[in-house]
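One structure is given below, encoded as structure tokens.
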Amino acid sequence: MSPEDPEETLPLLRPPDASVPRGRRVFLAAFAAALGPLSFGYALGYSSPAIPSLQRTAPPALRLGDDAASWFGAIVTLGAAAGGVLGGWLVDRAGRKLSLLLCTVPFVTGFAVITAAWNVWMLLGGRLLTGLACGVASLVAPVYISEIAYPAVRGLLGSCVQLMVVTGILLAYVAGWVLEWRWLAVLGCVPPTLMLLLMCFMPETPRFLLTQHQHQEAMAALRFLWGSEEGWEEPPVGVEHQQLSGVNAIMFYAKTIFEEAKFKDSSLASVTVGIIQVLFTAVAALIMDRAGRRLLLALSGVVMVFSMSAFGTYFKLTQSGPSNSSHVSLLVPISAEPVDVHVGLAWLAVGSMCLFIAGFAVGWGPIPWLLMSEIFPLHVKGVATGVCVLTNWFMAFMVTKAFSSVMAILKPYGAFWLTAAFCILSVLFTLTFVPETKGRTLEQITAYFEGR
């Protein structure tokens, strides 16, 4: 390496010695940053209760047709793809903290535009803005948290990113019980506003400050976060498989899916799915630093293979006729089937979906974002994570928007069996290429990839 390479000149950040009290403010800083993913999750979950609400309104009130509803659900991912590029540029130039502060602006502005919307274009514009904020938050928050955490808790705190995402989704589902779409948008302004207030009192990450040659500020940040500056010494993988699992095609339209499955209370069913996702993401966070990343990814992939295969089997058993390609007609049973048979098959669909969500939440939900923040060295972190987030959100858009076309071509059971095949690939990819990073410092992980 050249002398100008920041990786060669930075102090090695190690956790404090066991005899040194570890500061609890690292958890407060992680919570403040994770409010960005909470806002991001709420923006994703917002479409599930908002679309039925917008489709129930009577003329001349603002109302969404099927095609507009499809764009309303999917356009947030296009904004997020652009946000990934913007976040990759911001995170290295403005820093981690300021990038998180800046992403609150499109969050609040986007939900405000939706609240005031009087036509479809304002709705789509607001969703695009919230999507832009989602892309920035989904990149910067994992980077910020990974750089402030010491190895013993990095898995726990890093997994809290996805935990806050699914909590935000659940919040949108629960609020959708009692609020119509405009008030849901007003509620969406609350988490980013709280993040703005808290992040103002949090420090920049020590590692970023060191790249800016601000050693005194870095030491002060370390004392704030860890409670000590002891342990400083001089120094001697993509996420696009995640979206091919089909998770966004399910989560964006969860309520509609249950309505078409003829459940009496589709809101309750979708909230149940949200609760399952939160619980299993919390389990993953608690065991991440013990079980390791590779094991949970492989286990998660196997569960998703089984559940998507069962979901496809449901469609095979219930849809022997021509398939309906609409997003809002996913689970229409054969009218000639006896009621008791249909009920049993409907519960097969719900059970498969719940199992898929649980499997995804344990591994492929939180871990790709955690690995993304761990494996890239400082001097390429902004660009590399930006490429990962761009790829992830572009694939999310493709899956969400094109899923109906895939079902029209392959029939619904073929579409879900295809996602099962991608889940098989995710298991093989994990076992072949993904390294174990638990218990290692970020500098040790960088050294591993550079062969040092």
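Here are some notes:
- Whichever residue in the range 91-134 is small (Gly, Ala, Ser) and touching a Phe, Trp or Tyr at 6+ places or on another chain (Cβ under 6 Å) and, among such residues, is nearest to SER70 (Cα to Cα): ALA133
- Qualifying residue in the range 73-95 (condition: of a type in the set (A, V, I, L, M, F, W, C), surrounded by 18 or more Cβ atoms within 10 Å (Cβ to Cβ) and modelled with pLDDT under 85): yes
- Matching option when the condition is assigned to a helix (DSSP H, G or I) and more than 30 Å from LEU210 (Cα to Cα), among ASP92, ASP67: ASP67
- Residue in the range 260-272 that is modelled with pLDDT of 75 or more and either more than 22 Å from ALA50 (Cβ to Cβ) or small (Gly, Ala, Ser) (or both) present: no
- Some residue of the range 236-243 being touching a strand residue (DSSP E or B) at 6+ places or on another chain (Cβ under 9 Å), modelled with pLDDT under 85 and more than 16 Å from LEU98 (Cα to Cα): yes
- Test for GLY125: is it surrounded by fewer than 24 Cβ atoms within 10 Å (Cβ to Cβ) and of a type in the set (Gly, Ala, Ser): yes
- Residue match in the range 408-425 (condition: in contact with a Leu (Cβ under 9 Å, 6 or more places away or on another chain), under 22 Å from LEU317 (Cβ atoms), modelled with pLDDT under 80 and buried (at least 16 other Cβ atoms within 10 Å of the Cβ)): yes
- Exclusive hit being over 21 Å from VAL26 (Cα atoms) and not in a loop (DSSP other than H, G, I, E, B), set VAL161, VAL178, VAL186, VAL165: VAL186
- Within the range 361-400, being of a type outside the set (A, V, I, L, M) and either closer than 19 Å to GLY312 by Cα or assigned to a loop (DSSP other than H, G, I, E, B) (or both) holds for GLY363, TRP364, GLY365, PRO366, PHE376, PRO377, THR400.
- Single match in THR109, THR77, THR167, THR130 (criterion: among the hydroxyl-bearing types (Ser, Thr, Tyr) and more than 23 Å from VAL399 (Cβ to Cβ)): THR109
- One residue stands out among those in the range 211-221 that are in a helix (DSSP H, G or I) and surrounded by fewer than 23 Cβ atoms within 10 Å (Cβ to Cβ): the one that is modelled with the lowest pLDDT, which is THR211.
- Members of the range 148-158 that are surrounded by fewer than 22 Cβ atoms within 10 Å (Cβ to Cβ) and in a helix (DSSP H, G or I): PRO151, ALA152, VAL153, LEU156
- Single residue of the range 333-385 satisfying the filter (surrounded by 16 or more Cβ atoms within 10 Å (Cβ to Cβ) and over 29 Å from the mean Cα position of the chain (by Cα)) that is modelled with the lowest pLDDT: PRO333
- Tabulated pairs, the range 284-300, first farther than 18 Å from VAL165 by Cα, second among the hydroxyl-bearing types (Ser, Thr, Tyr) and outside any helix (DSSP H, G or I), C-beta under 8 angstrom, 6+ apart or interchain: ARG293/THR437
Residue by residue, here is whether (1) over 15 Å from ALA133 (Cα atoms); (2) more than 23 Å from the chain's Cα centre (by Cα); (3) at pLDDT 85 or above holds:
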{"position": "THR9", "(1), (2), (3)": "yes, yes, no"}
{"position": "ARG22", "(1), (2), (3)": "yes, yes, no"}
{"position": "ALA32", "(1), (2), (3)": "yes, no, yes"}
{"position": "SER47", "(1), (2), (3)": "yes, no, yes"}
{"position": "VAL105", "(1), (2), (3)": "no, no, yes"}
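The values are calculated or read from the model by the stated rules, or taken from the named source; none is laboratory data. The shown structure was predicted, so the numbers you read here are calculated from the model rather than taken from an experiment. Methodologically, a virtual Cβ is constructed for each residue, glycine included, from the backbone with ideal geometry; neighbour enumeration extends over all protein chains shown.
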